Amino acid sequence: MFDDVYMIIIKLVGGAKKSFSTNELKIDKSDISIQQLLDLLLELKPSNTPDLDVENILIAVNGADSSAMEGKMTLIKNNDVVSIIPVIHGGSSKRLLFNMSHKLIQVIEIQGQNQIDIIFLDTLRKKFPKIKLQAVSANFILNNYHLKKIIGLSLYSDKNNLLLSNKLEMDILMRFAISQQISTAINSAGIKPKQNFILIAIGNRKALDLLYTELSKISVDMFSKDNSSFLKKHFKINDKQLSIVLSKTPLEDILIEKATVLL
């Protein structure tokens, strides 16, 4: 299938292994982008194996998350090791569960109510001390892809001691708000009365199940509202900027890039 000269090593994790019936590939290529590599992998994948979902994967180059580099434009060089890690998710439209960086993450959207404010979040943290919790205004999260990429960026920052704050939870909020100032992030993208918010929880399955059971009655379907116009206006992103991004998800990628350069 491949020539004898191997230049890039591809490590396949989880479901990605089933797409190629192996946990490792060696490809005689060098100086290609991640996007070019993905296109090549889709060509090489046997027709009788499960599809490789390239929109729901994390890609690490020599152990570093590509989202913290140049995303799909990241250049892969000779002898680089590229890890393809599917984002495993499940649950109903009111609950998203997925594994990322060896952590189980649960995401639900909470209906805004008069009595729900920052005190509500503090109360939850006291009741569920084994869970890391953060609430982000639903207006600041575009979709599933945007959500997972920002969380992945914060987890990478935590692992490599690059957090914007001393806590992972605050780093997540600051990256969605695209701000290096904690107060600004809280005021703009934090929890507010009467506004829906996305609750991000990191912990073990038992604790997350208990949390969901308690909050399920006030949860709603996620990402039902299109926040594109709000986000473009808030972060001053114009159509000209979007038009020069060579991507199927230009707005998401610009938001992710802005969050990345906060490192």
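A short reminder: the numbers here are calculations on the coordinates, not readings from a lab. Note that this is a predicted model, so its numbers are computed, not measured. Here the Cβ positions follow ideal geometry from the backbone for every residue, glycine too, while neighbour counts run over all protein chains shown.
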Can you compute log10 of I(q)/I(0) for the chain with the Debye formula, treating each Cα as one identical point scatterer, at q = 0.09, 0.12, 0.14 Å⁻¹?
-0.44, -0.76, -1.00
Exposed chymotrypsin sites (Phe, Trp or Tyr not before Pro) being those in a DSSP loop with at most 15 other Cβ atoms within 10 Å, the longest stretch of the chain free of them is 7-234
Placing unit charges on C-beta atoms (Lys and Arg positive, Asp and Glu negative, everything else neutral), compute the dipole magnitude of the chain about its Cα centre in debye, rounded to 20.
1080
Fully extended, how many nm does the chain gain between residue 233 and residue 143 (0.36 nm per residue separation, minus their Cα-Cα distance)?
30.7 nm
Pairwise label distance in nanometres, residue 22 with residue 127, each label 7 Å out on the Cα-Cβ vector:
5.1
At R0 = 35 Å the Cβ-Cβ FRET efficiency linking residue 159 and residue 40, nearest 0.05, sits at 0.80
So if a site counts as exposed when it's one of the GluC sites (Glu not before Pro), its DSSP state isn't H, G, I, E or B, and it has at most 14 other Cβ atoms within 10 Å, what's the longest stretch of the chain without one?
71-263
In the chain, if the dipole is taken from +1 on Lys/Arg beta carbons and -1 on Asp/Glu beta carbons about the Cα centre, which of 84, 102, 113 is farthest to the positive end?
113
How would you classify the range 8-86 from its alpha-carbon gyration tensor, with a ≥ b ≥ c the square roots of the eigenvalues: rounded for a/c under 1.5, else prolate if a/b is greater than b/c, otherwise oblate?
prolate
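What trypsin sites (Lys or Arg not before Pro) does the range 220-263 have in DSSP loop regions with at most 10 other beta carbons within 10 Å?
Details: sites: 225, 232, 233, 236, 240, 248, 258; in loops: 225, 236, 248.
Qualifying residues, ordered by number: 236, 248.
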For the range 194-263 the translational diffusion coefficient, Stokes-Einstein from a Kirkwood Rh over Cα pairs at 25 °C and viscosity 0.890 mPa s, in µm²/s, is roughly 162
The size of the Cβ-based charge dipole (Lys, Arg +1; Asp, Glu -1) of the range 154-263 about the Cα centre, to the nearest 20 debye, is 220
